[in-house]
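So the structure is just underneath, and the comments pick up after that.
The values are calculated or read from the model by the stated rules, or taken from the named source; none is laboratory data. As the structure is a prediction and not an experimental result, all values here were calculated from the model. Cβ placement follows ideal geometry from the backbone for every residue including glycine, while neighbour counts extend to all protein chains displayed.
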Amino acid sequence: MEDIFNPTSFTIKQLFGNTDALYQIPRYQRPYSWGEEQLENLWEDLHDAQASEPYYFLGSIITAKPDERSSYLDIVDGQQRITTLLILFCVVRDHYPKLNVNVIDEDPFAIDSKIIESSIKFNDRFERLRLKTHSNNISDFERLILRPGATRGLKRPTKKDLRREEAPEYKFANTACFFQERLKELGAEAVGEFINYLFNKVKIIRIDCQSVSFAIKLFQVLNDRGLDLSNSDLLKSFLIGEIHRKYASEPELQKQKEEQFVDDWKACQSIANDTSDSLNNLFVVYEYYLLAENPRHSLYDELSTYFANKDPNEIIADFKRFLTYYKTKIFDCESPLIYSLRYLRWSNFWPAVLLTALHTSYPDFERLVSVVRRYFYLNWFAGYTLTRVKQTTFNLIKAIKASRDLGEVEAELEKSLTENQTVARAKERLKGDIYYEGWCKPLLFLMEYNQQDDPKFLELDDKNIHVEHILPRGFESREDWGKVHGNADLKARMNTGANLTLLSGTKNIAASNWGFDRKVQAYSGTGLNSVSDKKVTSFQISQLIVNDYNSGKFKKVWSDEAMSARWSWYCDQLKTLFEIDLQTD
């Protein structure tokens, strides 16, 4: 195996100082992504090791020459650590130009500024590390890090900027600022001692591979448990490895296919960023579509087996089309039907069904969405768990891929709902106390959408929107609710659909304890404290109460009669939305 790969132990000084120490991070790799946690861990490990260990092992990196003519080695694994170390060197170069100047004549192993500079550039001409992950990365790294003096003017980026995965320049700057702060805490003399330890006593094993394809395969084997890597990282390396294997005898075509693959992969990553999702999660949804059955193994194991002997470029192109449907037809869709599905707990299952339909051009998509919504919501109302809906989801995917008639599919779902007593259980729970149910707020959102022609999406975690008791829970202690004191029927309906609505506005949280007259003012969107309260939204389902009040209905009192009318309205909404009748058995 010696001719296939060669592991060698290097000190950091050798790793960045030898004549063959020229590295590049290839285009298919992830951009630099280390944050505060990884930096803290590295710093603490090195600092602790310096105090107690004669040597410290910093793991391994895997390298391979992209072609025989290249002077640079591709880093297939270890790019985050290598980039971080290079940034540290540049910070030391800019802030400690007289590094170890007082001991350099006494200590033959002391690291001075010349060694630091040589670790950044070979012969003052060739960068020790080139970033090819994106064209902008090269210029950003040069401008912010590599250029002499560049790190002196850097400031910590905002947390918002650091969350931008597609903009690694903020991570470059953050890492440089992190090391500036930590080194400053040490003091100049201690910095020299720390750098001496880092360069002379810290070791990394560099595994040089004969080819990039073997390096990728080795990377997969060493990370077969996904340590520090996502399944999408492993799938990416697997598919690029397949490209190298498939076009091994045609280097120009291999390069073209790899570049095409990387472009499509980055387009997929961009969609994931735009939809606030992860590629890992989106691959899970794609896996459900492909397999149409419950996966038995890890995402990587299942898909690497499924993708074996298939064209990697066709695979990633198909995945990109799949994700494009997700962004345009689901995430960006301004439809109350789609809005309502986004509140469901089973966030990977309903998208898998709908995306299967979109990806296979299944007819009558709008009707399918209604059928899917009814099935999932009734199971949620009934209190059933994922176990109940999982197999049905895969059955739906199979039926759609087989182009089965929607009427047949709907009939089978209805049979399942009946056999599992889902409808009966859902109706029973919808009749009772719903205030503490996880689906209470989403249900009221759906009823709100049902009142409007062109509603905007309501965020479930918007803390400015509250589920409001029309009759407050503490009504018996309030004089302004004196007309209904002692009414046991009203109290029994406290947490039911007959007594709940939506209320918005941070100043209106107190409305829960006001009299009915003041509550109506809040429901109208005026606000309790000021008519100019701009944090108040008038919900249509609350405006209905205002309309009844203004017309003098129910004598402007939240009475038995008023609550019964609200209950009838609630039942009508459920009948319209989910085709269930709470007023019949």
> Taking into account only those residues within region 485-498 that are buried (at least 19 other Cβ atoms within 10 Å of the Cβ) and under 11 Å from Asp560 (Cα atoms), which is modelled with the highest pLDDT?
Replying inline: Ala498
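Of these, Lys266, Lys203, which one is among the basic types (Lys, Arg) and part of a strand (DSSP E or B)?
Details: Lys266 fails: part of a strand (DSSP E or B).
Within the list Lys266, Lys203, the selection yields Lys203.
Going through Asn281, Asn294 one at a time, which residue ends up being of a type in the set (S, T, N, Q) and over 17 Å from the mean Cα position of the chain (by Cα)? Even if it seems obvious, please write down each step before you answer.
On the way: Asn281 fails: over 17 Å from the mean Cα position of the chain (by Cα).
Going through Asn281, Asn294 in turn, the sole match is Asn294.
Which one of these is surrounded by 16 or more Cβ atoms within 10 Å (Cβ to Cβ), at pLDDT below 95 and over 26 Å from Ser213 (Cα atoms): Ala292, Ala272? Step through it out loud before you land on a result.
Numbers: Ala292 fails: at pLDDT below 95.
Of the residues listed, the single one that is surrounded by 16 or more Cβ atoms within 10 Å (Cβ to Cβ), at pLDDT below 95 and over 26 Å from Ser213 (Cα atoms) is Ala272.
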> Limited to region 384-406, what total is found for residues that are surrounded by fewer than 16 Cβ atoms within 10 Å (Cβ to Cβ) and modelled with pLDDT of 95 or more?
Replying inline: 5
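If a residue counts only when it is under 30 Å from Glu258 (Cα atoms) and in contact with a Cys (Cβ under 7 Å, 6 or more places away or on another chain), which helices (runs of 4 or more DSSP H) contained entirely in region 292-401 have at least 1 such residues? Explain how you work it out, then say what you get.
Values: elements: 299-307, 312-325, 336-341, 349-359, 365-382, 386-401.
Where helices (runs of 4 or more DSSP H) fall fully within region 292-401 and carry at least 1 residues being under 30 Å from Glu258 (Cα atoms) and in contact with a Cys (Cβ under 7 Å, 6 or more places away or on another chain), they are 312-325.
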> If the Cβ limit is 6 Å and pairs must be 6+ apart or interchain, which residue in region 56-82 that is over 13 Å from Asp208 (Cβ atoms) pairs with which residue that is of a type in the set (D, E, K, R) and surrounded by fewer than 23 Cβ atoms within 10 Å (Cβ to Cβ)?
Replying inline: Phe57/Lys203
> Restricting to region 49-70, what's the tally of residues that are at pLDDT 90 or above, assigned to a loop (DSSP other than H, G, I, E, B) and of a type in the set (Ser, Thr, Tyr)?
Replying inline: 1
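Which one is farthest from Thr275 (Cα to Cα) among residues in region 151-183 that are among the small types (Gly, Ala, Ser) and without any contact (Cβ under 8 Å) to a residue 40 or more places away in the chain? Walk me through it before giving the result.
First pass over region 151-183, keeping only residues among the small types (Gly, Ala, Ser): 153, 167, 173, 176.
Within this subset, residues satisfying the condition of being without any contact (Cβ under 8 Å) to a residue 40 or more places away in the chain are 153, 167, 173.
On the way: Gly153: 34, Ala167: 16, Ala173: 26 Å.
The qualifying residue farthest from Thr275 (Cα to Cα) is Gly153.
Taking region 554-585 as the region of interest, how many residues are over 29 Å from Glu410 (Cβ atoms) and of a type outside the set (Lys, Arg)? Outline the logic, then answer.
Filtering region 554-585 for residues over 29 Å from Glu410 (Cβ atoms) gives 554-567.
Still in the list and also of a type outside the set (Lys, Arg): 554, 557-565, 567.
Number of matching residues: 11.
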>> Quick check on Phe126: is it buried (at least 18 other Cβ atoms within 10 Å of the Cβ) and over 21 Å from Gly192 (Cα atoms)?
In response: no
>> Every residue in region 526-564 that is modelled with pLDDT of 90 or more, closer than 24 Å to Pro455 by Cβ and of a type in the set (A, V, I, L, M), please.
In response: Ile541, Leu544, Ile545, Val546
> Among the helices (runs of 4 or more DSSP H) confined wholly to region 80-186, which include 3 or more residues that are out of contact with any Phe, Trp or Tyr (no Cβ under 9 Å at 6 or more places or on another chain) and within 20 Å of Arg27 (Cβ to Cβ)?
Replying inline: 135-141
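Would you pick out the residues in region 295-318 that are hydroxyl-bearing (Ser, Thr, Tyr) and buried (at least 16 other Cβ atoms within 10 Å of the Cβ)? Lay out the reasoning, then the answer.
So the first thing to find is which residues in region 295-318 are hydroxyl-bearing (Ser, Thr, Tyr), and the list is 298, 300, 304-306.
Tyr300, Ser304 - these are the residues of region 295-318 that are hydroxyl-bearing (Ser, Thr, Tyr) and buried (at least 16 other Cβ atoms within 10 Å of the Cβ).
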